[in-house]
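Shown next, in structure tokens, is the structure this report addresses.
The values are calculated or read from the model by the stated rules, or taken from the named source; none is laboratory data. All of these numbers come straight from a predicted model, not from anything done at the bench. Using ideal geometry, Cβ is built from the backbone for each residue, glycine included, and neighbour counts are taken over all protein chains shown. These area figures cover heavy atoms from the full protein model, side chains too; ligands, DNA and RNA do not enter into them. Shrake-Rupley method; radii C 1.70, N 1.55, O 1.52, S 1.80 Å.
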Amino acid sequence: MRPTTALKTAMAPGACVMAPGVADCAMARLVASMGFPALYMTGSGTAAVRLGQPDIGLLTLSEMVDNAARIADAAELPLVADADDGYGNPLNVRRAVRLYERAGVAALHIEDQMSPKRCGHFGGKRLIAPSDMAAKIQAAVDARTDADLQIVARTDALAVEGLSAALDRAALYAEAGADVTFVEAPRTREEIATVGRTLKVPQLFNMSTSGKTPHLAADELAALNFRLAIYPNYVLYAALTGARQILERLKQTQSTEGLKDGLPSFAEFNDLMGMQQARALEARYAVPEEARVDS
């Protein structure tokens, strides 16, 4: 089954697909090994990992597509990808969708911010006209060659224009052809319930680390018409926390003694990265024994 079809099938009524966020291939493999049904390429995480910068619209289309392609290939799971504002007007959006589709993503979301875009939980956001965003969504739908590729229309209007305007925008984007709508940064459970109740197409929920959005379990979201939940940077934050602890200990003790306690072994790490699959392929293609990888 194609990843696009697998994701669309999983997003059935009454279900909410959990997609942990990653920004690199190592963490993508970790998510896959844990048995999650999908994963998410976080834009803010990608900016952090690729640029060491905050999510303020610095990444280009080619950089985002390259990262998405690598993650999709490494994880072999349906990938939901951040496509920012589509990287321009409807013609740019058409090209973006085709590139993301070729990269192997199963879904992508486009937002209605003016360029340069901002993280949805930052201030200072400005919006394009609803009709301009609807045109972008129509272009995105027209550009895909796989009808199961999920086009997600994100609106950042709640923080700028209020909930009513956000709902109106999301409904317009659904009329333009969006498969899923994504109202960014609801602030209360009541707002979340209103979004799910008002909008008839499937909804995406962003379980951000910013603290602005209430924490709901996946089954609670499913009951409110949210079919997809993304968890952008929890994995990245956890990795930074662990790395800081290791570095602090190394700096204090100036020794690696005991530093590996609780960490994966060398063999476990390489197996997670696909060592056993590599060895199996070497055997299949009769690579000489003395030339085979040995950990």
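Summary of computed values
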item	result
Residue identified as in contact with a strand residue (DSSP E or B) (Cβ under 8 Å, 6 or more places away or on another chain), closer than 19 Å to ALA229 by Cβ and modelled with pLDDT under 95 among THR181, THR213	THR213
Criterion violated by THR256 - all others in (1) open to solvent by 50 Å² or more (accessible area, probe 1.4 Å); (2) under 22 Å from LEU158 (Cα atoms); (3) of a type in the set (Ser, Thr, Tyr); (4) modelled with pLDDT under 95 satisfied	(2)
Cβ pairs under 9 Å, 6+ apart, first in the stretch 272-288 and open to solvent by 70 Å² or more (accessible area, probe 1.4 Å), second among the hydroxyl-bearing types (Ser, Thr, Tyr)	ARG279/SER295
Meets criteria (touching a residue at least 40 places away in the same chain (Cβ under 8 Å), closer than 16 Å to ALA68 by Cβ and among the basic types (Lys, Arg)) for ARG29	yes
Elements of type strands (runs of 3 or more DSSP E) in the stretch 5-84, at least 1 residues being over 12 Å from the mean Cα position of the chain (by Cα)	17-22
ARG29 of a type in the set (Lys, Arg), surrounded by fewer than 17 Cβ atoms within 10 Å (Cβ to Cβ) and closer than 18 Å to VAL105 by Cβ	no
Residue list for the stretch 146-165, filter: in contact (Cβ under 8 Å) with a residue 12 or more places away in the chain, within 28 Å of THR4 (Cβ to Cβ) and open to solvent by 20 Å² or more (accessible area, probe 1.4 Å)	ASP146, ASP148
Residue count, the stretch 85-111 (criterion: in a loop (DSSP other than H, G, I, E, B) and either open to solvent by less than 10 Å² (accessible area, probe 1.4 Å) or in contact with a Leu (Cβ under 9 Å, 6 or more places away or on another chain) (or both))	6
Residue within the stretch 169-187 that is without any contact (Cβ under 8 Å) to a residue 60 or more places away in the chain, within 27 Å of PRO13 (Cα to Cα), of a type in the set (S, T, N, Q) and open to solvent by less than 20 Å² (accessible area, probe 1.4 Å) present	yes
Among the candidates GLU191, GLU220, residue that is open to solvent by less than 40 Å² (accessible area, probe 1.4 Å), out of contact with any strand residue (DSSP E or B) (no Cβ under 8 Å at 6 or more places or on another chain), closer than 24 Å to GLY21 by Cα and modelled with pLDDT of 95 or more	GLU191
Yes/no for ASP55 being at pLDDT below 95 and buried (at least 21 other Cβ atoms within 10 Å of the Cβ)	yes
Members of the stretch 114-145 found to be open to solvent by less than 40 Å² (accessible area, probe 1.4 Å), in a loop (DSSP other than H, G, I, E, B) and closer than 18 Å to ARG94 by Cα, listed by number	ILE128
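Let's see how each residue does on (1) in a helix (DSSP H, G or I); (2) more than 30 Å from PRO186 (Cβ to Cβ):
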{"site": "VAL235", "(1), (2)": "yes, no"}
{"site": "LEU240", "(1), (2)": "yes, no"}
{"site": "ARG244", "(1), (2)": "yes, yes"}
{"site": "LEU247", "(1), (2)": "yes, yes"}
{"site": "LYS251", "(1), (2)": "yes, yes"}
{"site": "SER255", "(1), (2)": "no, yes"}
{"site": "ALA267", "(1), (2)": "yes, yes"}
